[in-house]
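Colleague: A single structure is presented below for examination.
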């Protein structure tokens, strides 16, 4: 009888241990597969600066509370297309509420609209930086999509864009090469990733023969942004010329201290105190972590000097 009780107790203990291990494994697997909404919020509201285009602004150029990502932030009128940044909240009628997670991922990384969306078969406009966003790691992409689906839906119908020419995207070398999460341990590679998904070089690299010259003039600056090509910032905004951010000591930022560069990125103030203007999303970059800012500066220091 004693032996029988021992066997029953031993069997119960083994069963309990197995159930505990299964539960722990289930929680572990769930943690590994559940998108990190907090990470998505961080990316969308900092380095991706999605609200810079997709959140409407008041006359002073400040985001309108309660309208996060509801569309209407910026309007573009270029030789390629004319249109206003769309509503990307989960509103089913005027946003992307009826888009699947896969639909959103394809839009972000491939520029493809789902068949049930308006203008099916028409790529997203060239100002949707698909050629940079394609570099996002799978976990970061999942996190961004999860966050976009978690925000409050806002009804705001934005007029469909008008395309004047075929959509052409310049390939960005680092995005084409791709990144893995192992890269994030190296500050320079981490910075390269952040600068890539932040599409910084889209503005800070000049054009050559109708295409961005990423191979020969990366970070050299010189591109102009002004009304009527872009509207939606403060009414008194007259335009901006993207500056040289290479390591050149005079033409670029090679002689700037790390703190100078960080202040320019997050506060919109040049080293001499001059106020910097849009389209750079200073208000969003202000939320970057110290580690990410350090990584961005580390990568910028590697840019060959250009004049």
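The values are calculated or read from the model by the stated rules, or taken from the named source; none is laboratory data. Source: prediction; values computed, not measured. Note that each Cβ is placed from the backbone with ideal geometry, even for glycine, and that neighbours are counted across all protein chains shown.
Colleague: Among the residues of region 226-261, which ones are over 30 Å from residue 77 (Cα atoms), assigned to a loop (DSSP other than H, G, I, E, B) and without any contact (Cβ under 8 Å) to a residue 24 or more places away in the chain?
Modeller: 255, 256, 257
Colleague: While we're looking at this one, here's another question. Looking at (1) under 22 Å from residue 74 (Cα atoms); (2) not assigned by TED's automatic domain parsing to the domain that holds residue 46, which is the one condition that is false for residue 174?
Modeller: Against the list (1) under 22 Å from residue 74 (Cα atoms); (2) not assigned by TED's automatic domain parsing to the domain that holds residue 46, residue 174 comes up short only on (1).
Colleague: Being assigned to a loop (DSSP other than H, G, I, E, B) and either more than 23 Å from residue 290 (Cβ to Cβ) or not assigned by TED's automatic domain parsing to the domain that holds residue 67 (or both) is true for just one of 202, 155. Which residue is that?
Modeller: 155
Colleague: Moving on. Take the residues in region 90-106 that are touching a helix residue (DSSP H, G or I) at 6+ places or on another chain (Cβ under 8 Å) and surrounded by 17 or more Cβ atoms within 10 Å (Cβ to Cβ); name whichever of them is farthest from residue 134 (Cα to Cα).
Modeller: 90
Colleague: Which ones in region 227-250 are at negative phi and surrounded by 15 or more Cβ atoms within 10 Å (Cβ to Cβ)?
Modeller: Within region 227-250, 230, 233, 237, 240, 242, 243, 244, 245, 246, 247, 248 qualify.
Colleague: If a residue has to be without any contact (Cβ under 8 Å) to a residue 40 or more places away in the chain and touching a strand residue (DSSP E or B) at 6+ places or on another chain (Cβ under 8 Å) to count, how many in region 262-303 make the cut?
Modeller: 5
A quick yes/no check of all residues on (1) in contact (Cβ under 8 Å) with a residue 24 or more places away in the chain; (2) surrounded by 20 or more Cβ atoms within 10 Å (Cβ to Cβ); (3) over 27 Å from residue 36 (Cα atoms):
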site: 114; (1), (2), (3): no, no, no
site: 121; (1), (2), (3): no, no, yes
site: 134; (1), (2), (3): yes, yes, no
site: 143; (1), (2), (3): yes, yes, no
site: 150; (1), (2), (3): yes, no, no
site: 185; (1), (2), (3): no, no, no
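Colleague: Further, regarding this structure: Of all residues in region 37-71, count the ones that are over 30 Å from residue 190 (Cβ atoms) and surrounded by fewer than 18 Cβ atoms within 10 Å (Cβ to Cβ).
Modeller: Qualifying residue count, region 37-71: 8.
Colleague: Is there a residue being exposed (fewer than 14 other Cβ atoms within 10 Å of the Cβ), in contact with a helix residue (DSSP H, G or I) (Cβ under 9 Å, 6 or more places away or on another chain) and within 14 Å of residue 195 (Cβ to Cβ) anywhere in region 278-301?
Modeller: Scanning region 278-301, I find no residue that is exposed (fewer than 14 other Cβ atoms within 10 Å of the Cβ), in contact with a helix residue (DSSP H, G or I) (Cβ under 9 Å, 6 or more places away or on another chain) and within 14 Å of residue 195 (Cβ to Cβ), so the answer is no.
Colleague: Still on this structure, I have one more. Would it be correct to say that residue 221 is surrounded by fewer than 22 Cβ atoms within 10 Å (Cβ to Cβ), over 25 Å from residue 89 (Cβ atoms) and touching a helix residue (DSSP H, G or I) at 6+ places or on another chain (Cβ under 8 Å)?
Modeller: Here the answer is yes, as residue 221 does meet what is asked.
Colleague: Next question. With respect to residue 199, is the statement that it is out of contact with any helix residue (DSSP H, G or I) (no Cβ under 9 Å at 6 or more places or on another chain), at pLDDT 95 or above and within 26 Å of residue 81 (Cα to Cα) true?
Modeller: no
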